[in-house]
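**Student:** Pasting a structure below so you can have a look.
Throughout, read-outs are computed from the coordinates displayed, never taken from laboratory work. These numbers come from a predicted model, not from an experiment. Here Cβ is always computed from backbone atoms with ideal geometry, including for glycine, and neighbour counts include all displayed protein chains.
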Ligand SMILES: [Fe+2]
């Protein structure tokens, strides 16, 4: 037995097996933790087998012991088993096994008392030395203890023999009749202190699926470095996640698989609701979605039937807090109570607003919705929409005043604001540079080629119209101003092509025509924003990365752990979107100009425009001519327009993310060949390219994944899309589009100059304002969109902002922990940088009388609709 009176014990004469991997002799510091000193050192000097093949301890252990390398020595005294206590933390959940309802609960209580509800098995990290097969696990039932701070604890005792080696995983069998949510498992009594397993996962009931769940420790391993005893378990777990691709998925399953968007239509209900399959064809390419396996429709065997709830792998579902306050129930509440009430209140679905003041009254007087309470609307679900409880008693639905209207109710009318919003508004992703002349620069928003093929089809639909449009802007080193709008209608019904150019004008007639042309372009931009910049490029394109990551990267893979926080809730919000927003007859189709062609159009544009490499912000800016490479400029890019708030704040955020990803990747991939030889990583990237985005698999622009730099660029791009890009196009939706004259989603009638009847032209000349109001969305269209945008612009109380929470596995690696702290610090600095920019009077795109400051890329926010805050993931 050694004396433990000193913290530093030099063991100079270590026998060879106890030296470091390369034979270097380490100065050994044992147990600098006071917790450890309480025990006899002899008890910790177990057989070297307990500590891994080189007699050393894991990095996790080192971390817990102050980051020092520790070597252990066997003594005869230590060849004995240790007692280990496992504590399992379980979160009580609605519908989980602690629910106070149902017969099965009674049975579960009895088995809980008997202590036979949760079977744990410790898995050794080491294979048996000679035969290379896994060692037998050590089993034990956990019995239920009291609950602490709302968490129910279960405890199990184990005796671990010295030859067992390091514990690498725990298997869990839930013998309750219902699923349970495990937050973590803690093993105490192991030689170098406790070992934690962060679970945060649903464990199915044994009765649903007899297969045991596996949880690995918080230490990350590249596949080639997997402890020998865990190799098969690692592979087996991935096989389970991939599933067999057959049958309908059940709600407790965790299977990730692919399917096309063949579930948007509902031809069995009405043949008018049939929609083409998006994905899987040259004509309509699309990213893949998560497979649910529902049976086909009767009308069309290639389409999947609709259902009231959509399968997502169990751990992708919203937390109960998000469900209650912001997620499905809120959307559901809006769709099933608010929208029908609005429809009752507004008897004529085509009725527009008679005056501009009638639009303003939505914010002050409100809409009288007599059906509101009958439709089950619960005011606490939508605290913002109802500004006072008494309003609900009167059945008055009053909308919150949107930021743009609050600051300056006339700003939407001005050309400067029209251009400013192309750089600092909701869709700063469409503007392109045409030519950079000596002093003046020409810019364009071009919706000509993409929209033109759909103009005639859309015009056959009721209550909408469409043009191909091009809007030119000029920048004179001070302000961006619109120069001209060209609207085009292709030949139709024997009439030749119609094309006209509008300019701001200096007569009353030309000024009104200019306003009408701007309204058309704004509707085009609204549609493009919602369908492309928002839905397609963030929500839709991210789902394949998530599916591939769960199928190909083990939960112990460092890149899985890096990406995982950025995938939170995306699969579920996308499933909700297919259920109620982007489906046939859903909110998007009924509110946006392209009507039932909306999603089809997003597929065509995916085919024409989307490329992974351009999703990286610097490449996106360069491809649009909005920046050029300049090694002397900050972030290596010179912006074509310096005062481009989305780009300048975005580049700061991009480079902060990239630095974090660089530190992380270079820590785990120390040898440059490791990226190419990492089979899981390669399988993930191959699947993203050839399956999830398989309709684009032959494109030449897909980045290779061979070096650390390749990996850093790919991962940074994905994190940027899920964080900065999504935040910039999502959380300002109510602020900018809540006052719809600023961004109408649809313009319902053509320009009065396009083949007008005498009567139409006369009416325009007599009442131009009425012509504009009649073109705007109907009352029901406008209020429906306002209600939905309000929900979509809100942060949930359990939102996780970028760089806010350290993952447990990062905390255990000192280098990663330090890199994350640096990441967090730089994000806090960014808040200050953005505030400073907004206070700078020289930056007129974010500062000035009535101008809404640009805060969409400020990293942190309080819950609710704040028009700021960058969450880790696409969760709304
Ligand atoms: Fe979103």
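**Student:** Between residue 457 and residue 759, how many nm apart are label points set 7 Å from Cα along the C-beta direction?
**Tutor:** 3.2 nm
**Student:** Still on this structure, please answer the following. When you count, for each residue, the other Cβ atoms within 10 Å and take the mean per peptide, how do 211-219, 504-512 rank with the highest first?
**Tutor:** My ranking of the peptides, most packed first, is 211-219, 504-512.
**Student:** OK, next. Calculate the FRET efficiency for residue 251 and residue 183 from the Cβ-Cβ distance with a Förster distance of 25 Å, rounded to the nearest 0.05.
**Tutor:** Using R0 = 25 Å, I get an efficiency of 0.75.
**Student:** With the cut-off at 1.5 for a/c, could you classify the range 532-573 from its C-alpha gyration tensor as rounded, prolate or oblate?
**Tutor:** Prolate, because a/c is 1.5 or more and a/b exceeds b/c.
**Student:** Below 8 Å, C-alpha to C-alpha, sequence gap of six or more: please give me the relative contact order for the range 749-850 in percent.
**Tutor:** Relative CO of the range 749-850 lands at 12 percent.
**Student:** Taking the Cα-to-Cβ direction at residue 163 and at residue 208 and moving 7 Å from each Cα, how far apart do the two end points lie in nm?
**Tutor:** Label-label distance for residue 163 and residue 208, simple model: 4.0 nm.
**Student:** If we count other beta carbons within 10 Å of each Cβ, what is the order of 361, 198, fewest first?
**Tutor:** On the way: 361 15, 198 20.
The most exposed by this proxy come first: 361, 198.
**Student:** Listing 339, 661 from the residue with the fewest other Cβ atoms within 10 Å to the one with the most, what is the order?
**Tutor:** In order of increasing Cβ crowding within 10 Å: 339, 661.
**Student:** Just rank 199, 540, 290, fewest to most, by other beta-carbon atoms within 10 angstrom.
**Tutor:** Ascending number of Cβ neighbours within 10 Å: 199, 290, 540.
**Student:** For the residue pair residue 240 and residue 410, what label-to-label distance in nm results when each label sits 7 Å from Cα along the Cα-to-beta-carbon direction?
**Tutor:** 6.6 nm
**Student:** Another question, then. Using 1/(1 + (r/R0)^6) with R0 = 51 angstrom and r between the beta carbons of residue 281 and residue 642, what's the FRET efficiency to the nearest 0.05?
**Tutor:** Computed FRET efficiency for residue 281 and residue 642: 0.70.
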